[in-house]
Amino acid sequence: MKFLKPNYEFEHFTDVSLDFLRNHNVKAIFSDLDSTLAAHDELGDDEFTKWHEKLESNGVKLIVVSNNSQGRVDRFTKPYNIIGNGMCGKPLPSKIKKIMKEVGVTSEDSLFLGDQLFTDVLCGKMLGMKTVLVHPLGEEHEPWTVRWKRGLEASIKKRW
Ligand SMILES: [Mg+2]
């Protein structure tokens, strides 16, 4: 079960603060998109815009890694000029490994951020990164397939 247990659990992506990033030597955040940075199909809101500005001005790279379509990812990332990758095939780490090489970062200076154990946390762990689990944004609007997984996640968490 230790491959499903995140290193840190926060309420919201803004809880990943500059202090936290500095203390953990994080230079790049690999982040899920849907329910992590925005509710399903939504664009970045003011909170996201401010958080992203802080990362940028402190030299922390944000890289979106989603299993959703490239079109969905582009709609979110383009306005911010963020590197965005769709169809990542999480939890399989191969595509993200390639992206890490392109960006020029290692597991040691990277953080994986996401809202799901079976895709995000597992993927981050397989990549050897520190992992942060956040509470899903807009949970009530999620597709039934995701909600079904939430039930499984809850039963795993009970055993921690
Ligand atoms: Mg998600």
Residues (touching a Ser or Thr at 6+ places or on another chain (Cβ under 6 Å) and away from the ligand (no atom under 16 Å from the Cβ)) located in the range 6-17: 7
The range 64-82, subset within 15 Å of the ligand (Cβ to nearest atom) and not hydroxyl-bearing (Ser, Thr, Tyr), residue nearest to residue 126 (Cα to Cα): 65
In the range 87-139, residue farthest from residue 155 (Cα to Cα) [restricted to those that are within 16 Å of the ligand (Cβ to nearest atom) and in a strand (DSSP E or B)]: 111
Search result, residues across the range 103-127 that are surrounded by 23 or more Cβ atoms within 10 Å (Cβ to Cβ) and among the hydroxyl-bearing types (Ser, Thr, Tyr): 110
Boolean, residue 68 is surrounded by fewer than 21 Cβ atoms within 10 Å (Cβ to Cβ), closer than 19 Å to residue 138 by Cβ, touching a residue at least 12 places away in the same chain (Cβ under 8 Å) and of a type outside the set (D, E, K, R): yes
Extreme residue, surrounded by the fewest Cβ atoms within 10 Å (Cβ to Cβ), among residues of the range 18-36 that are under 8 Å from the mean Cα position of the chain (by Cα) and near the ligand (Cβ under 9 Å from one of its atoms): 36
Criterion: within 16 Å of the ligand (Cβ to nearest atom), among the small types (Gly, Ala, Ser) and not in a helix (DSSP H, G or I) - qualifying residue of 44, 59: 44
Condition broken by residue 73, with the remaining ones in (1) crowded, with 17+ Cβ neighbours inside 10 Å; (2) under 17 Å from residue 3 (Cα atoms) satisfied: (2)
Filtered residue count, the range 2-17, keeping only those that are in a loop (DSSP other than H, G, I, E, B) and surrounded by 12 or more Cβ atoms within 10 Å (Cβ to Cβ): 8
Count of residues meeting criterion [among the aliphatic types (A, V, I, L, M) and surrounded by fewer than 22 Cβ atoms within 10 Å (Cβ to Cβ)] in the range 128-144: 1
Residue tally, condition part of a strand (DSSP E or B) and farther than 15 Å from residue 14 by Cβ, over the range 62-86: 6
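No value in this document is a laboratory result; all are computed from the given coordinates. Worth saying up front: this structure is predicted, and the values here are computed from it rather than measured. Using ideal geometry, Cβ is built from the backbone for each residue, glycine included, and neighbour counts are taken over all protein chains shown.
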